[in-house]
1. Report Rg (one decimal) and Dmax (nearest whole number) for the stretch 9-81, counting Cα atoms only, units Å.
2. Apply the Karplus curve 6.51 cos²θ - 1.76 cosθ + 1.60, θ = phi - 60°, to the phi angles in the stretch 103-109 and return the couplings in whole Hz, x for Gly and Pro.
3. Around Ala110, which amide H atoms from residues at least 5 apart in sequence, or from another chain, sit under 5 Å from its own amide H, with H modelled in the peptide plane?
4. Would you work out if the stretch 164-223 is rounded, prolate or oblate? Take a ≥ b ≥ c from the square roots of the eigenvalues of the alpha-carbon gyration tensor; rounded if a/c is under 1.5, else prolate when a/b is larger than b/c, oblate otherwise.
5. Once the Cβ-Cβ distance between Thr40 and Thr214 is put in as r, and R0 is 51 Å, what FRET efficiency do you end up with, to the nearest 0.05?
6. Between Ala110 and Ala137, with labels modelled 7 Å along Cα→Cβ, what's the label distance in nm to one decimal, could you check?
7. How much length, in nm to one decimal, is gained on full extension between Gln274 and Leu162, taken as 0.36 nm per residue of separation minus their Cα-Cα distance?
8. Kirkwood hydrodynamic radius, the stretch 123-231, all distinct C-alpha pairs: what's the number in Å?
Amino acid sequence: MAAGRGPTVRRRRLAGELRRLRERAALTIEEAAQRVGWSTAKLSRIETARVGITSPDLTRLLDLYELDASKRSALHALARTARMKGWWDAYTDSLPSDYATYIQLEADAAFIRSFDCILVHGLLQTENYAREVIRSALMGLSPPAEVERRVEVRMTRQNLLLRDDGPVRFWTVIDEAALTRRVGSTAIMREQYARLLEFATCDNITIQVLPSVTGAHPATAGTFAILEFREPHDPDVTYVESMTSILYVESDVEMYRYTLAFDHLRAAALSPDQSRALISQMADRPS
């Protein structure tokens, strides 16, 4: 899934599903275009998300691909919302396109599982902790106003976990090293520990700590997040971030490996109750 300022995530997902349906029908793009009376270029632009698709045109394709009526409403809904803007569009001048793409995916997710080995996940960070992280990541190359806008974005993202209507389910395994790494002052860390303990009381949030004594584990390569979506036609996506690039993993084989790795991590981690006890101990340690 490529990132960019052009097509929205919803349009990309719709385009990908239409492409999969055509391939399932064993039709080439030329054959499908001919069957519905379009040019190959038109169908190609739809399947590559360069243009959107109208409801009548979508119906013609779904008729061709013989999609069950019970599965069509979700695709039509996706087509209708493909041009909708989200709250993050107000920050497009200061957000990298890769980050904006991830926020769109996160906003549509129903369940997020993450492994965090360097820092506390952004959805669980306090404002002061986030400010220190963002300021360090930008390495002094951006003005303070941009730092504050990114902090505001990070805090707004947390509404996904706290909203009354259908909050996102979130399960994180945090490496103990991420909790012992001091970000900012001792006061900032204590505030962050307290925030984690507060989040841990939410029914939709599970926090586990992977103790350092565990040693080597399946995710020694680094942090990742698995996003599951509400609609059955939306395939799961794994998000992997490095300093200079972002990777979206979607193939079944690779998704299975990340899912299996997360299962190993949560099995090796402390239980939620034990994790809360450890975080409490960290919060109570003298400075």
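Here, each number is a calculation from the coordinates, and none is a lab measurement. Everything quoted here is computed from the prediction, not taken from an experiment. Please note: Cβ atoms are built from the backbone with ideal geometry, for glycine as well, and neighbour counts cover all protein chains shown.
1. When restricted to Cα atoms, the stretch 9-81 yields Rg and Dmax of 11.0, 29 Å.
2. 4, 4, 4, 4, 5, 8, 6
3. The list, which skips near neighbours in sequence, is Glu228, Phe229, Arg230.
4. On the way: a/c = 2.44, a/b = 1.20, b/c = 2.04.
In terms of gyration-tensor shape, oblate.
5. Numbers: r = 54 Å, r/R0 = 1.05.
For R0 = 51 Å, the calculated efficiency reads 0.40.
6. Distance between the two pseudo-spin positions: 2.8 nm.
7. Working: separation 112, 0.36 × 112 = 40.32 nm, distance 2.35 nm.
Length gained, Gln274 through Leu162: 38.0 nm.
8. Working: mean 1/r = 0.0640 Å⁻¹.
Averaging 1/r across every pair of different Cα atoms and inverting gives 15.6 Å.
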